[in-house]
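Just below is one structure, and these are the notes that go with it.
The values are calculated or read from the model by the stated rules, or taken from the named source; none is laboratory data. No experiment lies behind these values; they were computed from the predicted model shown. As a convention, Cβ positions derive from the backbone with ideal geometry for all residues, glycine included, and neighbour counts pool all protein chains shown. In case anyone asks, the SASA skips ligands and DNA or RNA and just uses the protein heavy atoms, side chains included. Shrake-Rupley method; radii C 1.70, N 1.55, O 1.52, S 1.80 Å.
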Amino acid sequence: MRCNAAPTIRLTIAAAAIVALTFFGCRTTRQTKYLHPNADLGAISKVAILPFDNLTGERTAADKVQKVFYLELLTLQVFEVTEPGQVTKTLRSSGVAATDALGPADFQRIGKELGVDGVFLGSVVDYSDAHTGSTSTPEVTIDVRLIETQTGSTIWSTSHTRAGAGVSTRLFGLGGESLTEATRGVVRRELATLLK
Amino acid sequence: MFKILLMTCVAALALPAFGAPAEAPSPSLAVLPFDNVSGAGDAPAAIAGLVTAAIAAHGWQVAGGDLHPLLERERVRYLDGVDDAVRTRIIDQTGASGIVTGAVYTWSAGKNPVVAVSARLVRADGSLGWADVAALAADDTERLFGFGRRETPDALAARVIAELMRDFPPPGREAPPPHHKSFFGGSLFGSGAQSFRAPELDLRTPHLVCVLPFANESKSPQAARVFAEVLAIRLAAAEGFEVVEPAHLRAAALKAHVASFRGIGTEDLARLAASVGTSLFLRGTIYTYDDVTGRGIDTPAISVEMSLVDAQTGRVLWAAQHERKGSDYTGLLLLGALSNAVTLADHTATEMIEAQGAGAPRAAQAFTAAREARKRNPAEKRAERRDARKSEEKP
């Protein structure tokens, strides 16, 4: 009896270990979302993307993430997106150095100057690429919000984190995604919440 | 009788040699000194000799004479191209049918030497006759059991120039369309270029595009220049695009008092548009440019983004992002990995141009449709109310 039970227990433990590795050892994603109850996203047709804040140690993180966000927003073809050069020029002429210091009145003024219905603001909270052996395990957290320029209030906000490697990467060392790919994944999930 | 016949035949054969007018000399090309981006002082001279020989082998004469005094007199500071006035003077002075310009991007010795060169043929009328880029590392030249490996940059340069000038057009002929020399036809790993193309960018008709200097966030000082030039070469060869000469852009910037292209606004681009002859400007940023010539780097890597802006409307017509490593192209038996950054830049640029861009996802289409329907509703309601009022007014 003992002889028969031992292999069964071992098999059960092995199966449990695989399940644990698959579910607890793989990529984690966390997301929070806010949508203003009276928000009318349908009324927003032209938008601008302001420079993202960088809360990480990577110098170019904000610029890279903003460019990824910009391309993904263009690809949706939902909004008309203002050309970045025009945004830079408007902010420069208004003497805006940091977007985190902007208030509702500033958003209304920027909206008027750029001729947009909404502005996207973002912060890059995490942007790092760790390596486990030969596989890449990026960690990315991005906060984004959409501000209606008519009122200067936030109508949509979301934060998304993606960390760790996927199952195939953990188990077989295959298909490790780059930091940019992880960023694109985060941005796509965030924008999907806007369209729901 | 036989003797007379023989003499007549010999005379007939000999006549054209003396009596017929001499054949017109083959057309010539003026070869400008190659720009040296590599930093190796002896590179341009070595490359110039090889290029001159290759041009001659393709049936052209190389216009003699030292062009340096003319270039100094014209105050030509940049050798990547010359403006219309200087080109005309060079053509007038040398009698050439076109000029060849180029740049040496990499010329590095060491364990695995790398040589990278680009060249362009500009016709007398200013149109681009041919352009290409070629780069090799010593490891690329190694054959079975390690034979045939080119151990020095000089030895490698001969192979690079042979590769570069392979499709150089002979006099009176067009250059064949460029082709890729990918070992297994493409990358097995890594995702493709991410791209957006506005519906109004119709590539069935050619668009003149002005490639602005790229912003450089990488550690390599020459990254922006190399990538922008390689992209311009591939763009000029692609269907639907023509590219403004770099010298033309520099002259336009001087005229429009544009000192820097970094973060340039749409209004400044609109001012430039009048001088360069197009409102389409391509700009971008290089984030990563790692070459194997750097310390501790075993595979080249590039990360880049770019966007095509219409300065007239302020709209982005095309945007693309891409990142690649040389090892992404590794195929069976661990062969095919790209050995150097210039070859990788060439592949990256081509893939960005070829990326068609995905259509809007279903959720986005539904969102847009719902918004349009909501926009239509108020009008419909107003029309309904109007109809109702009219019907009430009727007795």
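Data table
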quantity: With every protein chain in place, segment B:26-176: carbon and sulfur % of accessible area (1.4 Å); calculated: 51
quantity: Rounded to whole Hz, the Karplus (6.51, -1.76, 1.60) HN-Hα couplings of segment B:160-173, x for glycine and proline; calculated: 5, 5, 4, 5, 5, 8, 4, 9, 4, x, x, x, x, 10
quantity: Label-point separation in nm, residue B:74 to residue A:100, each point 7 Å along Cα→Cβ; calculated: 5.3
quantity: Residues residue B:360 and residue B:242, FRET efficiency given R0 of 30 Å [Cβ-Cβ distance, rounded to 0.05]; calculated: 0.55
quantity: Highest-first arrangement of A:118-124, B:45-51, where packing means the average Cβ count within 10 Å; calculated: A:118-124, B:45-51
quantity: Other protein chain Cβ atoms within 10 Å, averaged over every residue that makes up B:364-372; calculated: 5
quantity: Listed residues B:141, B:70, B:115: farthest to the positive end of the dipole of segment B:26-176 (Cβ charges); calculated: B:141
quantity: Descending Cα extents along the principal axes, segment B:179-359, whole Å; calculated: 53, 36, 24
quantity: Cα-Cα separations in segment B:26-176 greater than 29 Å, expressed as whole percent; calculated: 18
quantity: Electrostatic dipole magnitude of segment B:26-176 [Cβ: Lys, Arg +1; Asp, Glu -1; Cα centre; debye, to 20]; calculated: 140
quantity: Residue-averaged beta-carbon neighbours from other chains (10 angstrom radius) around A:68-80; calculated: 6
quantity: Solvent-accessible ranking of B:219, A:89, A:67, largest area first, probe 1.4 Å; calculated: B:219, A:89, A:67
quantity: Whole-Hz ³J(HN,Hα) from phi, Karplus 6.51 cos²θ - 1.76 cosθ + 1.60, for segment B:111-119, glycine and proline x; calculated: 5, 10, x, 10, 10, 9, 9, 10, 8
quantity: Among the listed pairs A:64/A:89; A:112/A:196; A:64/B:219; A:89/B:219; A:67/B:325; A:46/A:112, those beyond 22 Å (Cα-Cα); calculated: A:112/A:196; A:89/B:219
quantity: Residue B:295-residue B:219 pseudo-label distance in nm [points 7 Å out on the Cα-to-Cβ vector]; calculated: 0.9
quantity: Which of B:220, B:26 is most accessible, then next, and so on - probe 1.4 Å; calculated: B:26, B:220
quantity: Simple Cβ-charge dipole of segment B:273-339, Lys/Arg +1 and Asp/Glu -1, about Cα centre, in debye nearest 20; calculated: 140
quantity: ³J(HN,Hα) computed for each position of segment A:151-162 - Karplus, 6.51 cos²θ - 1.76 cosθ + 1.60, integer Hz, glycine/proline x; calculated: 10, x, 9, 6, 10, 8, 8, 8, 9, 9, 10, 9
quantity: Cα-projected label distance for residue B:158 with residue A:112, points at 7 Å along beta-carbon direction, nm; calculated: 7.3
quantity: Accessible surface of residue A:100 - all protein chains present, 1.4 Å probe, nearest 10 Å²; calculated: 110
quantity: Within segment B:49-99, trypsin sites (Lys or Arg not before Pro) in DSSP loop having at most 12 other beta-carbon neighbours inside 10 Å; calculated: B:75, B:77
quantity: Label-zone membership for segment B:116-131, site residue B:174, 7 angstrom Cα→C-beta point, backbone N under 16 Å; calculated: B:123, B:127-131
quantity: Neighbour net charge for residue B:203 - beta-carbon separation under 13 angstrom, K R +1, D E -1; calculated: -3
quantity: For residues of B:305-317, the mean tally of beta carbons on other chains within 10 Å; calculated: 3
quantity: Debye intensity ratio in log₁₀ form over the Cα atoms of segment B:200-255, taken at each q of 0.20, 0.26 Å⁻¹; calculated: -0.81, -1.04
quantity: Residue B:202-residue B:254 FRET efficiency (beta carbon distance; Förster radius 35 Å; 0.05 resolution); calculated: 0.60
quantity: Built amide H within the under 5 Å cut-off of residue B:132, gap 5+; calculated: B:119
quantity: Residues with amide H under 5 Å from that of residue B:336, placed H, sequence gap 5 or more; calculated: B:331
